[in-house]
Amino acid sequence: RIEYFPGVETWFGRLNRYVRECSRGTMKLRHYLVSAGLAEILEGARIKKHFTRIYASQYFFDHHERATFPSVVINDTAKTQYLFRINKGREKPEESINEYMPEAERPIPFAHMLYMGDGMTDVPSMTVAKKNGGHAIAVYPPDAPRKIEECRRLAAADRIDYFAVADYRAGTELDRRVKLILDLVIARIRFERERHVFRSGL
C-alpha cells in the first residue's frame, strides 16, 4: 500500500531501456537500494523486483515471530560500506571488503555510479560517491521549502551534482538530469574501451 512519487513504477524500465538503446546493447544499468529503513517492509514493496540487491536494517525474530533485537543496523555512515561492496563486487554480507583490490579489477567503478538520496542519512554516501569520481543527486518532495534549502547547501558544498523534485515521470527535470549523467557515464566507458584497444595495439 506504499504510495510512490509520480513515475516511480515506470522509472526503472525506462532508464534500463534508455541505457540499452544509448549503448547499443553493450551496457547494463543496475539498481541498488541502500536504506536505513526496515528490510521487512521493503521486501513487500512492488518495486522490489527492479533492484539487483536491497541493503536495509533488519530485526532478529524469535520462535514466536517477535522482533527481539536489531540484527543489522544501517545508519548514515554504515551506508557507505555498501557502496564499497558494490564497487568491489563483494555484495554478500559475509564477504569481506577490507582486502586491497586494484581499481582496474573492481567490477563497478565509482565513476560509473550515480547515488540518489532524499535525506540527511544519504549525505555521507553522496560525498563518498563524489570524492571517488561518481555522481550524486538529491531529491525532495514537492512543497518542501526546508528540503530545498538543504539541497542548496549540499550543492554549494559540492556534495551533489544536482537536486530536483521527486517527480520520476518522463521529461521532468529529474529525468533529464539523470539521463545527462548516464550519457556521461556511457561516453566515459566508451572512451575507456577505445583507449584499451588503442593501447593494446601499440
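At least 3 residues being among the aliphatic types (A, V, I, L, M) and surrounded by 13 or more Cβ atoms within 10 Å (Cβ to Cβ) is the threshold, and among the helices (runs of 4 or more DSSP H) wholly inside region 1-117 those reaching it are 8-22, 78-88. Every condition in (1) at pLDDT below 95; (2) open to solvent by 30 Å² or more (accessible area, probe 1.4 Å); (3) out of contact with any helix residue (DSSP H, G or I) (no Cβ under 7 Å at 6 or more places or on another chain) is met by Ala155 except one, and the failing one is (1).
Is one or more of the residues making up region 120-143 surrounded by fewer than 17 Cβ atoms within 10 Å (Cβ to Cβ), polar (S, T, N, Q) and under 20 Å from the mean Cα position of the chain (by Cα)? Write out each step before concluding.
Of all residues in region 120-143, those surrounded by fewer than 17 Cβ atoms within 10 Å (Cβ to Cβ) come to 120, 131-133, 141-143.
Okay, now just the ones that are also polar (S, T, N, Q), so 132.
Remaining after also requiring under 20 Å from the mean Cα position of the chain (by Cα): 132.
Yes, the conditions are met somewhere in region 120-143.
Among the criteria (1) on the phi > 0 side of the Ramachandran plot; (2) open to solvent by less than 30 Å² (accessible area, probe 1.4 Å), the one Ile181 does not fulfil is (1). On the stretch given as region 23-38, residues that are farther than 19 Å from Lys49 by Cα and in contact with a Leu (Cβ under 7 Å, 6 or more places away or on another chain) total 0.
The values are calculated or read from the model by the stated rules, or taken from the named source; none is laboratory data. Everything numeric here is computed off the predicted structure, so don't read it as measured data. Cβ: placed from backbone, ideal geometry, glycine included. Neighbour counts: every protein chain shown. The area values use the complete protein model at the heavy-atom level, side chains included, leaving out ligands, DNA and RNA. Shrake-Rupley method; radii C 1.70, N 1.55, O 1.52, S 1.80 Å.
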